[in-house]
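The structure appears below as C-alpha cells.
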Amino acid sequence: MNRKILRNGVFIAIVALAVSATLLFNFLLADMEKRESETAVLLQNQASVIQKNFSTIVEQAYALRAFIIGSNGDYKNLDSVADYILKYSDIRNVLLAPNSVVNKVLPPEGNEAVLGLDLTSEQNKSYKDAIEAIESRKPIFSGPYTLIQGGEAISLRFAIFFNDSLGVEKYWGLTSITVNFPEVIGNLATNFIVDSGYDYILSKKDGQSGLYKEISSHVETPDAHFIPYDFSVYNLDFRFEATPQKGFLDWKKALILGTMAIFLSITLGAIASALSLFINNLAEKAGRDVLTGLLNREGGVRHINNRIRESEFSKGAFILLDVDNFKSVNDTLGHPKGDEVLIETATILKGLCRSMDILCRLGGDEFLIFFSYDKDSDFALKKAESIRQALERTVTDGSKSVDISSSIGISFFLEGQKNFEKLYKEADIALYESKERGKNTVTVYEQGAQA
C-alpha cells in the first residue's frame with residue numbers, strides 16, 4: 001500500500017511539474033512577447049526623433065529658399081540667414097549653387113574644396129539626387145557619403161525656381177545643407193538606445209538594389225534576434241533593428257521560477273503522498289477490529305475485493321470459521337473470558353497465516369482468511385485442517401471449563417467470476433454444513449449446495 005501511495009505521489013508531482021512547466025513556458029513566452037513589443041515601441045519612438053531632426057533640416061532649407069526667392073536670387077546678405085541655420089550643431093555647412101554650380105559656402109573655413117563643384121555632374125557622387133531635386137522640386141536627402149572636403153555627411157538638396165521680371169519661371173539653382181553623419185542620428189536616437197541596454201543596427205535602403213545597407217550600429221550580441229522597424233524620412237527609407245543586450249528572455253527570472261515550479265511540484269507530490277497516507281491510515285484504522293487488531297468486516301471486504309481486482313494470482317481460497325461453543329464460554333466463564341478467547345484465536349490464526357494472507361474478524365466469533373496460492377486445492381484443505389486442529393482447545397477459569405473448536409467452510413475463487421459477497425455466501429453455506437455435521441470439521445462448498 002505504501003508503495004502505491006508513493007507511486008501516486010510521484011505521479012501527482014510529475015503532473016504538477018508538467019502543468020507548472022506549461023504555465024512557466026506560457027508566462028516566459030508572454031514575457032518575451034512583452035519585451036519584443038517594448039523594443040518595437042522603443043524603435044518607433046527613436047525613429048520619430050530621427051524624423052523630427054530631419055524635419056528641422058528641411059525647415060532650414062525652406063527658410064533658405066524663401067530668402068533666395070525674396071531677394072530675387074541675390075545672396076550678398078546671406079550671412080544672417082546662414083548664421084541662423086548653422087546654429088544647429090549637426091549642420092556642417094550651407095551651399096548655394098546657382099545654375100547647380102557651388103560658388104558660395106558658409107562657413108568657408110575647411111569647405112573650400114567644394115567651391116566650383118557642379119552638383120549635377122558625375123564628379124559629384126550624389127549628382128542623381130541633385131537632378132531628382134530639380135525634377136521633383138522637392139527636398140531630396142542624399143548620403144551618407146564621403147565629402148570632397150573630408151568627413152561623412154548627409155545632404156539636403158532643394159531646387160529653387162522663381163519668376164523673373166517678365167513673369168517667366170526660371171531655374172535659379174540648388175541650395176544644399178550638409179549635416180554631419182552619424183551625429184545627426186547617433187546623438188539623438190542611437191545613443192539613447194544603447195544607454196537603454198539595447199544593441200541596434202540602422203540601415204538605409206539603397207535606391208538601386210533595393211537592399212538595406214548598414215550605416216550605423218552598436219552590436220555586442222551578433223547572433224541575437226533583432227526586432228526590425230521600417231520608417232521613411234522624405235525620400236530616404238531606413239530600417240531600425242534592436243535587441244536587448246541581455247536577451248528577450250530573462251534567464252534569472254526563468255531560473256527562479258523554474259526552481260520554484262520544481263520545488264512546488266515536489267512539495268505538492270509530498271503533500272499528496274502524506275495526505276493519501278493519512279487518509280489510508282484513517283481508512284485502515286476504521287477497517288480494524290478494536291479487540292483483536294485484525295481487519296474488521298469493512299476492512300476485509302475492501303482488501304479482498306482489491307486483491308481480486310488486481311488478479312495477481314491464479315488460485316484463491318476463502319476460509320470462513322466460527323468458534324464452536326463460544327456462547328457457552330460467555331455464559332459459563334463470563335464475557336471477559338470470551339474476549340480472551342477471541343484475542344487468543346486471532347493470535348493463533350496470525351501464527352498460521354502468511355504476511356500476504358488476509359485475516360479478519362467479521363464480528364462476534366466469526367473469522368475469515370483469504371489467501372492465494374499456486375499449488376493444488378489440497379493446499380487450501382491442509383491449511384484449513386491445520387487451523388481446525390490449532391483452534392481445538394479447552395478454556396477454563398480455574399473452576400469451570402468449556403471445550404471449544406471451530407467449524408470451517410471453504411469456497412474457492414474462480415478468476416473473473418467472484419467477489420467478496422459471492423465468496424462469503426458460498427463459504428457460509430459450507431460453514432453451515434460443518435455445524436450440521438457436528439461442528440469441529442471442515443467443509444468445502446460444492447456447486448448447487450443450499451444453506
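Every number in this text was worked out from the coordinates using simple rules, so none of it is lab data. None of these values were measured; they are calculated from a predicted model. Neighbour counts run over all protein chains shown; Cβ positions are idealised from the backbone, glycine included.
Using per-residue counts of other Cβ atoms within 10 Å, averaged over each peptide, order 22-33, 193-204 from highest down.
Ranked by mean Cβ neighbours within 10 Å, highest first: 193-204, 22-33.
Rounded to the nearest 10 degrees, what's the angle between the helix 2-70 long axis and the longest principal axis of the chain, both from Cα atoms, 0 to 90?
10 degrees
With θ set to phi - 60°, apply the Karplus curve 6.51 cos²θ - 1.76 cosθ + 1.60 along the stretch 395-411 and write out the HN-Hα couplings as whole Hz, x wherever there is a Gly or Pro.
10, 9, 10, x, 10, 10, 9, 9, 7, 10, 8, 9, 9, 10, x, 10, 10
Between I343 and A66, how many nm apart are label points set 7 Å from Cα along the C-beta direction?
Placing both labels 7 Å beyond Cα along the Cβ direction yields 11.5 nm.
Of the listed values (i) 62, 46, 46; (ii) 152, 43, 34; (iii) 56, 45, 34, identify the label whose number matches Cα extents along the principal axes in Å calculated from this model.
Structure-derived value, by its label: (ii).
Describe numerically, in nm with one decimal, the distance between label points set 7 Å from Cα along Cα→Cβ at K252 and at D230.
Placing both labels 7 Å beyond Cα along the Cβ direction yields 3.7 nm.
Output the antiparallel fraction of DSSP beta bridges having both residues in the chain, as a percent to the nearest 5.
Within the chain, antiparallel bridges account for around 95 percent of the total.
Whole angstrom only: what separates the Cα centroid of the stretch 95-161 from the Cα centroid of the stretch 13-34?
Between the Cα centre of the stretch 95-161 and that of the stretch 13-34, the gap is 59 Å.
Taking θ = phi - 60°, what integer Hz values does the Karplus form 6.51 cos²θ - 1.76 cosθ + 1.60 yield along the stretch 104-115, in sequence order, with x for Gly and Pro?
In residue order, the calculated couplings are 9, 9, 10, x, x, 4, x, 10, 4, 5, 7, 4 Hz.
Taking each pair of distinct Cα atoms in the stretch 1-69 once, what is the resulting Kirkwood hydrodynamic radius in Å?
By the Kirkwood definition, the hydrodynamic radius is 17.4 Å.
Taking Cα atoms, how many degrees apart are the long axis of helix 335-352 and the longest axis of the chain, rounded to 10 and kept between 0 and 90?
The angle comes out near 70 degrees.
Which value in nm describes the separation of the simple spin-label points at V49 and I14, placed 7 Å from the Cα toward the beta carbon?
With each label point 7 Å from Cα toward Cβ, the separation is 5.4 nm.
Show the residues, 5+ positions off or on another chain, whose built amide H is closer than 5 Å to the amide H of S216.
L202
Grab the DSSP H runs of the chain that are 4 residues or longer, score each as -39,500 (n - 2.57), total them, divide by all residues and round the 222 nm result to the nearest 500 deg cm²/dmol.
-15000 deg cm²/dmol
Does the stretch 1-118 classify as rounded, prolate or oblate by the C-alpha gyration tensor (a ≥ b ≥ c root eigenvalues; a/c under 1.5 gives rounded; else a/b over b/c gives prolate, otherwise oblate)?
Prolate shape, in that a/c is at least 1.5 and a/b is the bigger ratio.
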